[in-house]
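The values are calculated or read from the model by the stated rules, or taken from the named source; none is laboratory data. Note that the coordinates shown come from a computational prediction; the quantities given were computed from them, not determined experimentally. Neighbour counts are summed over all protein chains in view; Cβ atoms, including those assigned to glycine, are modelled from backbone coordinates with ideal geometry.
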Amino acid sequence: MLIDFHTHLDFYNQTDLAAQLAEFSGTIIAASVDENSFLKNCEIASHTPDHCHIIPTFGVHPNYADENVTFLDNPETKKRFEKYLEQSPLIGEIGMDFCWSKCSVENQEKVLRYFLEYCNKTAKPCVIHTKAAEQKICDILSDYPDAPAVIHWYDGPENIYREFLRRGYMQTFGVETIRSEHLQKLLKMTPPELLLAETDNPDSEPWLGGTRNDVGLIERVYNEIAGLLGMSRPAFEKLIEENFNRILPN
């Protein structure tokens with residue numbers, strides 16, 4: 001079974017997406033960036049054929065922190081957020097970004113801590129964006145030892161990565177891995193039981209200069225990472241499925 005642990009299905013052209021999902025067999029984690037994104041992902045999931053299992057997840061991406069931070073103190077919005085958190089089997093995409101996000105560091109941290117407090121209390125997994133904020137996030141996560149973190153597309157310093165591995169955080173690898181010696185080094189440092197695969201499409205592959213951004217791209221990612229690890233494709237597929245089932249038991 002193919003499992004894409006991180007995508008943004010709500011960013012796709014919806015007509016194209018419907019045709020692609022009709023041909024796809026596997027599981028897709030549909031990460032959200034805010035409330036509207038989550039509701040759109042839920043709508044997509046409700047119209048998907050049985051052979052394609054979509055799991056919408058609620059979170060607020062660091063790029064959307066400024067416009068969402070006031071919602072955390074609004075009783076009406078907070079009640080909706082709490083409902084979405086309960087609905088979502090894992091939380092994401094959340095985190096901090098000191099590279100691309102124009103949102104204030106203070107607001108990014110406040111939003112991140114809101115979600116981490118919930119995950120720490122419920123032991124619900126959370127998918128973390130760390131771009132150029134690796135040390136800050138490492139420090140913050142130490143305050144929430146019972147929040148099971150999944151680090152999404154890490155490409156930062158090796159010493160912080162080693163600390164994440166020491167803590168047992170799961171790690172996703174995707175379309176850039178085959179293109180990056182640094183990511184390949186991190187991949188080979190990673191214990192097999194902490195590995196997951198993703199595409200982060202529809203935008204990541206075109207951003208890297210590729211032309212494919214369909215949901216089926218996860219199969220190529222599987223083949224590439226299996227090759228880098230010297231594993232057969234069936235063995236890698238089995239590994240990812242076992243790791244996924246530990247995070248989200250059936």
### Task
For segment 193-218, enumerate the residues that are of a type in the set (D, E, K, R), touching a strand residue (DSSP E or B) at 6+ places or on another chain (Cβ under 6 Å) and on the phi < 0 side of the Ramachandran plot.
GLU198
#### Entry: Members of segment 94-113 that are under 20 Å from SER37 (Cα atoms) and not in a helix (DSSP H, G or I)
ILE94, GLY95, MET96, ASP97, TRP100, SER101, LYS102, CYS103
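Being in contact with a strand residue (DSSP E or B) (Cβ under 9 Å, 6 or more places away or on another chain) and either at positive phi or modelled with pLDDT of 95 or more (or both) is true for just one of LEU17, LEU21. Which residue is that?
LEU21
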### Task
Could you pull out the residue among HIS8, HIS51 that is within 29 Å of ILE225 (Cα to Cα), in contact with a Ser or Thr (Cβ under 9 Å, 6 or more places away or on another chain), at pLDDT 95 or above and not aliphatic (A, V, I, L, M)?
HIS8
### Evaluation of THR57 against (1) part of a loop (DSSP other than H, G, I, E, B); (2) within 17 Å of TYR114 (Cα to Cα); (3) not acidic (Asp, Glu) (one fails), failing number
(1)
### Query
(1) in contact with a helix residue (DSSP H, G or I) (Cβ under 8 Å, 6 or more places away or on another chain); (2) surrounded by fewer than 22 Cβ atoms within 10 Å (Cβ to Cβ); (3) not in a helix (DSSP H, G or I): which one isn't true of PHE5, the others all being true?
(2)
### Query
Inside segment 137-250, counting only helices (runs of 4 or more DSSP H) that do not spill past its ends, which hold 2 or more residues that are over 18 Å from the mean Cα position of the chain (by Cα)?
158-167, 181-189, 217-229, 233-247
### Query
LEU39: hydrophobic (A, V, I, L, M, F, W, C), at pLDDT 95 or above, farther than 23 Å from THR130 by Cα and buried (at least 21 other Cβ atoms within 10 Å of the Cβ), yes or no?
no
### Task
Give the residues of segment 113-155 that are closer than 20 Å to PRO56 by Cβ and β-branched (Val, Ile, Thr), sorted by residue number.
THR122, VAL127, ILE128, VAL150
#### Entry: segment 70-91, residues that are within 21 Å of the chain's Cα centre (by Cα) and either over 30 Å from ASN245 (Cβ atoms) or assigned to a strand (DSSP E or B) (or both)
ILE91
### Query
Is segment 94-112 home to any residue that is surrounded by fewer than 21 Cβ atoms within 10 Å (Cβ to Cβ), in contact (Cβ under 8 Å) with a residue 40 or more places away in the chain, over 14 Å from VAL60 (Cα atoms) and not β-branched (Val, Ile, Thr)?
no
### Task
Only residues that are aromatic (Phe, Trp, Tyr), more than 19 Å from CYS126 (Cα to Cα) and not in a loop (DSSP other than H, G, I, E, B): list them for segment 8-50, please.
PHE11
### Message
Name the residue that is surrounded by the fewest Cβ atoms within 10 Å (Cβ to Cβ), counting only residues in segment 170-214 that are touching a Gly at 6+ places or on another chain (Cβ under 8 Å) and of a type in the set (Val, Ile, Thr).
### Response
VAL175
## Note on the structure
When segment 118-127 is checked residue by residue, the ones that are closer than 24 Å to ASN41 by Cα and either touching a residue at least 40 places away in the same chain (Cβ under 8 Å) or in a helix (DSSP H, G or I) (or both) are TYR118, CYS119, THR122, PRO125, CYS126, VAL127
